[in-house]
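Written out below as structure tokens is the structure these notes cover.
Every number here is computed from the coordinates shown, using simple stated rules; none is lab data. All of these numbers come straight from a predicted model, not from anything done at the bench. Heads up, the Cβs are rebuilt from the backbone with ideal geometry, glycines too, and the neighbour counts pull from every protein chain shown.
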Amino acid sequence: MTVTEPKPSYKYVGTRPVRHDGLEKVTGRARFAADLNMSGQLHGIVVRSPHAHARIVSIDTSEAEAMPGVKAVITGDDFPAVEPGHRQYDMCINVIARDKVFYEGHALAAVAASTRDQAQAAAAAVKVEYEVLPAVLTIDQALAADAPVLHAHMMTAGANPPAEEPSNISNITRFSGGELDAGFAEADLVIEREFTTQPVHQGYIEPHACVADTGQDGHTTIWCSSQGHFNVRSSTATLLGWENTRIRVIPAEIGGGFGGKTTIYLEPLAVALSAKAGRPVKMVMTRDEVFRATGPAPGTKLRIKLGVKRDGTLVAGDAYLIYTNGAYAGPGGLLGAMTVFESYKIPNFEIEALDVVINTARSAAYRAPAAPLTAYAMETMLDEIAEELGIDPIDFRIQNAVTEGDPSTMGFPFARIGFVECLEAVRDHPNYKAPLGPNQGRGIAAGYWFNIGESSSATVNLNEDGTATVVTGSPDIGGSRASMALMAAEELGIDVYDIRPVVGDTEAVGFTDVTEGSRATFATGMAVVEACRRMVVELRGRAAKMMGVEVDDIDWVDGQAVYTGSDGDKAPLSVAEITAKAKRTGGPLTATGSLEAHGAGPGFAVHVCDLEVDPETGVVRVVRYTASQDAGTAIHPSYVEGQIQGGVAQGVGWALNEEYIYDSDGVMENPSFLDYRVPVASDLPMIDAIIVEVPNPAHPYGVRGVGETGIVPPIPAVANAIYGATGCRIRDLPMSPIRVLDAITSNGGSNGA
Amino acid sequence: MGTSGSKPLAAGPGVELTAGGVSAMGYDLMLSVMRYASPTTVAEAVDLLGSEADARVYAGATDLIPQIRAGRPEPTVMVDLKRIERLCAISANGSTYTVGAATPTADICADPGLVAAFPGLVEASGLIGSDQIQSRSSWGGNLANASPAADTPPSLIVNEARAVIAGPGGERTVAAAEVATGPGQTSLAPGEILVEFELDQPPARTADAYLRLIPRTEMDIAVVGAAARVTLDADGNVTAAAIALGAVAPTVVRVPEAEAALIGNQPSGDALAAVEAAAAAATTPIDDKRGTVAYRRQVAGVLARRAVTIAAERARERGGQS
């Protein structure tokens, strides 16, 4: 670990206790969404489109309704109509199609029956008449002059002049600064490169699942796993046309989300089926459904031009980014534009980013959405430039790295950030200078993610025995229960194992936004700290009463109320001593913290990858990998390391093998973990994580979110290492054995170079 | 018990098993009730197959269950062969090894005699699936499933394994190379099952090797597989060679041109280059989600050359020992 700035010494923060939910999880006893069963429950099955693009002419459910065990069948007609312009129009028509289906696997009806087999048989008996439409499957097809238009209402937002005709471009984002032409005129070296990437899935192991039960009074309970149960509540209510508060969402343990569970798919269908049948309804996706109908991260076409002076100073950057978000408008291009040049001082730049719709599943967030792809382009180009100029690639990045006070792409100045420290940590690590074997190459790359704050709530209840329960509204995706307990332990002076961290349902804790932007330990942690600090104020007051002194004369020191006044010695009071007398001093001790968190510190990471390429087969094996990342302050270092390692594993998979493969009709050909190749354990070496700690000034403990940044550098780090091993620049993902061998055989990059 | 019209099982400790057939989006669709039978003798299994129109035998079911989940019509009866002792036994009798067709590959990989005699075949056996799959997967299942990409058939073929087949007309023995006839197709007649494999102890200075190309390190299906076996004389010249390729044609491909190029030569230099060229030329691969024609062809040559090199190295190390 590298500590780059002095920080207070903590008793609990920075230690590595066994996580509170660990034993239940490693013994298989923790209850994930599909583990929940209600007495009398029905099983719901979704009817999905076999076509990538079609008009629904008619749906006949009569045969299905008459089948054995069938209790309810629903279609889009069972939900309130939505029109373009509705604030969640895309989500609504994605969860259940109305007049058109936009991708293979698009849900258009659902059936509930007594058994899963009966439900599946009935789903197969729902008769759907389609008018099959030509499918738009690639960015080039979507942008062709004669392209079929997916959405008749889609007038490009941000177009200048304003769009007059609908198109498949949902949005254009433009950012600029300085004078681009003047910048390039100043440059001694200008390079321009193009890249293509394919959609990839988040690959969470737990499929989407839920149970919904609509009570006699219409009040509904949903049990499900998600990255935010308040979001499940509001999105489900929106689709049903209900008030939010008619729905209570109880979070199950979550088996991976990585951004893909920040949206909903099944819950409104389960509620509608339950309401119609008057019984609880359970729905669990198959892996096949998960691949076809949920979550891919966008595919892209990227073109970037960079200008640099001979001394290594970047002077100009021009980026043209096209992201496809599947069948609906999405933020890929916008996020690409926000990240492409963000890590470096580039005084003259223009960025134009297009978001394009095609007939594939609606994209969902995936760890640092869009950033791994802009990093793939930028960081491999920076490598080329550094080599051309004869500058060490880390020194080149340090020379151009943003530091405190530098303006971001959007103009605001960076606060204290740890980018340079991450670069130095890798430069100084033995991995960076270790000798390489035959056919081995080394690549480095940096990554950035801005992180976000949003709303969080926490409640701290002191128990009669002096222990504490900490309730928050953030699902525990990556060890956040342990992080919350550690911060509460530090504030209250209670042992971390005497704190029970609980994820509260939507009726047990204050509103909390979905877990995105690596915000849980940052923002929900702030709410916990706020609640604890209020609790300490209360504890001091109670102690003052017990001692018969003024509260101003009580300090809170190491978990004890300590009298600091001049009226003689008084024994300090522990939390347990205060809670034992709570009935006499004012009743139960409880405190809350709720806030809109600002100042999420940007996260930077720098990775070095050593790999070996079989020059005769193109097979790539990663042999050593070291990753530095600025965590601000690591509350629980093991889970920071885990986040870094997980990001690397997913990023390496993205780099080497993962991709959606469609046939010419838009039918996915690899909807299983056999042919959608995430890395297996033996594909990766132990990943050495270096935690850099440059505290975030906006957080009481200096926390920066760490969940996402780690997936940003691996793709370019792998690409740069492949170049080191083979001399080939590969600018199309994935860098599969076929593509690598092809590049070696043609002795160039896939785009020439 | 069962769907109406199907006969009750004649024998075996059958238990009900519900599993399904037609599938969409990965669901098992239960249109009828499948039955399970577990005969304990070859004769019982053959009788069962003869009396049930739509019975299907399995050893580990590591291919069958995923196929049913993917939509293959379900049989009326699933016949489990693992309760038949002869099908799960490994024995050595004189110079012949006999391996039951349903013997778990985990047992094969742990058998010292097989490991010493057929290192490449054992390696191929150990590459199938995961540790869990290894406790179920078998040579018989791997061969009878007739996937062009199966890992063990090329090695069975270069070692001239013989397959003992039982059917209504009794038993017959054929070369293992004659069992698979195309993707999912075999020469087994209706009612026939693979019982066991026979392998002769290799002669002196003989060894085999198997290599496969997968994008990952494990848990994957061969993009190309290559098995080689060579016999050397005391001077290190090749006196016999067998090379077989998987996943590059509808069935395993022997490469006689490559074998001929090795005979009488040291397994190096020009002879190996000839092996590589001949192996690549012998392929008739397809483009699919796992590989391209050009890639499979090129890599088939590379793996064939490497497998010959490893086999020859082993043969030299083995020296005069048989």
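Given R0 = 35 Å, the distance between the Cβ atoms of A:V132 and A:I205 translates into a calculated FRET efficiency of 0.55. Of A:K100/A:K282; A:K127/A:K282; A:K100/A:K127; A:K545/A:K570; A:K261/A:K282; A:K127/B:K289, which pairs sit farther than 21 Å apart, going by alpha carbon to alpha carbon? From A:K100/A:K282; A:K127/A:K282; A:K100/A:K127; A:K545/A:K570; A:K261/A:K282; A:K127/B:K289, over 21 Å: A:K100/A:K282; A:K127/A:K282; A:K127/B:K289.
Here the 3J(HN,Hα) profile of the stretch A:6-12, calculated from phi with Karplus coefficients 6.51, -1.76 and 1.60 at θ = phi - 60°, is x, 9, x, 8, 10, 8, 10 Hz, Gly and Pro shown as x.
Compared with the alpha-carbon gap, the fully stretched path from A:T469 to A:E83 is longer by 134.5 nm at 0.36 nm per residue. Counting every alpha-carbon pair across chain A, the share separated by more than 37 Å comes to 44%. Note on A:Y320/B:T217: beta-carbon distance plugged into 1/(1 + (r/R0)^6) with R0 of 30 Å gives a FRET efficiency of 0.20.
Checking every one of the trypsin sites (Lys or Arg not before Pro) in the stretch A:73-115 against DSSP loop status and a limit of 13 other Cβ atoms within 10 Å picks out A:R87. For a label point 7 angstrom out from the Cα of A:A66 toward its Cβ, which stretches of the stretch A:106-123 have the backbone nitrogen within less than 15 Å? Label zone hits: A:122. Computed from backbone phi, the HN-Hα couplings of the stretch A:17-26 come to x, 4, 5, 5, 9, x, 4, 4, 6, 6 Hz, rounded to whole numbers (Karplus: 6.51 cos²θ - 1.76 cosθ + 1.60, θ = phi - 60°; Gly and Pro given as x). Within the same chain, lysines fewer than 8 places from A:K345 are excluded, and of the rest, those with a Cα less than 23 Å from its Cα are A:K305, A:K309. Could you tell me the calculated FRET efficiency between A:R534 and A:A434, based on Cβ-Cβ distance and R0 = 41 angstrom, to the nearest 0.05? According to the calculation, E is roughly 0.20. Partnerless cysteines in the protein assembly as shown, where a partner means another cysteine C-beta under 4.7 angstrom, comprise A:C92, A:C422, A:C532, A:C609, A:C728, B:C88, B:C109. Amide H to amide H distances under 5 Å link A:V200 with A:A297, where only residues 5 or more positions off or on other chains count and H is placed in the peptide plane. What's the center-to-center distance, using Cα atoms, between the stretch A:688-753 and the stretch A:177-221 in Å? Their Cα centres are 17 Å away from one another.
Across the stretch B:156-254, Cα pairs under 8 Å and at least six residues apart give a relative contact order of 24 percent. Residue by residue along B:216-224, Cβ atoms of other protein chains within 10 Å of the local Cβ number 5 on average. Taken along the Cα-to-beta-carbon direction at a fixed 7 Å, the label points for A:S664 and A:S39 span 5.8 nm. With a simple spin-label model that places each label point 7 Å from the Cα along the Cα-to-Cβ direction, the separation between A:S58 and A:H598 comes to 5.9 nm.
Each pair of Cα atoms in the stretch B:206-317 enters the Kirkwood radius, and Stokes-Einstein at 4 °C and 1.567 mPa s then converts it into a translational diffusion coefficient of 95 µm²/s. Sparsely packed loop sites in the stretch A:465-518 (the GluC sites (Glu not before Pro) outside DSSP H, G, I, E and B with at most 15 other Cβ atoms within 10 Å) comprise A:E507.
Which residues does a label at A:K309 reach in the stretch A:363-406, if reach means a backbone N under 13 Å from a point 7 Å past the Cα toward the Cβ? It comes to A:400, nothing else. Give the distance, in whole Å, between the Cα centre of the stretch A:428-488 and the Cα centre of the stretch B:117-183. Taking the Cα centre of the stretch B:117-183 as reference, the centre of the stretch A:428-488 is 49 Å away. Each peptide in B:207-217, A:19-29, A:263-273 gets a packing score, the mean of other Cβ atoms within 10 Å over its residues, and the list from highest to lowest is A:263-273, B:207-217, A:19-29. In plain terms, the chain from A:M686 to A:D558 could stretch by 42.3 nm, reckoned as 0.36 nm per residue minus the Cα-Cα distance. Per residue, the average separation of C-alpha pairs within less than 8 Å and at least 6 apart gives the stretch B:163-218 a relative contact order of 35 percent.
Of the beta bridges DSSP finds with both residues in the protein assembly as shown, what % are antiparallel, to the nearest 5?
75
Kirkwood hydrodynamic radius of the stretch B:87-200, from the reciprocal of the average inverse Cα-Cα distance over all distinct pairs: 13.9 Å. Ellipticity at 222 nm from helices only: DSSP H runs of n ≥ 4 in chain A, each -39500 (n - 2.57), divided by the residue count, give -8000 deg cm²/dmol. Multiplying the residue separation of A:E507 and A:E24 by 0.36 nm and subtracting their alpha-carbon distance yields 171.4 nm. Label sites at A:T403 and B:Q185, each approximated as a point 7 angstrom past Cα along Cα to Cβ, lie 7.2 nm apart.
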